[in-house]
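Below is one structure, written out as structure tokens; the observations come after it.
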Amino acid sequence: MANKDLERYYAALDKALMRFHTMKMEEINKIIKELWQHTYRGQDIDCISISSDSEGAGTRSYSYRVVMQNGGAELEM
């Protein structure tokens, strides 16, 4: 009984943390985009953002990279 409850709690907590991570990454990228557009005067880069890729299926390990966007194309910086 207790073991099953712990598994359910773990699954719910894991799901909530993953959702929180996604929300925070979106919020951070929104702020970065606004700051970039206010400060950068060049025409070669539309905006920059942080991209996170999960490493493996079902893991909470992420690989982060900074990417620039120009005309719909995304390039790693």
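Values in this text are rule-based calculations from the coordinates and carry no lab data. The structure displayed is predicted, hence computed values, not measured ones. Reconstructed Cβ throughout: ideal geometry from the backbone, glycine too, with neighbour counts over all protein chains shown.
Taking amide hydrogens as placed 1.01 Å from N in the peptide plane, the amide H of Ile45 sits under 5 Å from that of no residue at least 5 positions away in sequence or on another chain. The packing ranking, built from the mean of other Cβ atoms within 10 Å per residue, places the peptides 37-47, 16-26 in the order 16-26, 37-47, highest first. Within straight-line reach of Lys4, meaning a Cα separation under 20 Å, sit the following aspartates and glutamates at least 8 residues removed in sequence or on another chain: Asp14. Here the average projected area of the convex hull drawn through the C-alpha atoms of the chain stands at 6.2 nm².
For Lys33, the lysines whose Cα comes closer than 21 Å to its Cα, not counting residues fewer than 8 places off in the same chain, are Lys24.
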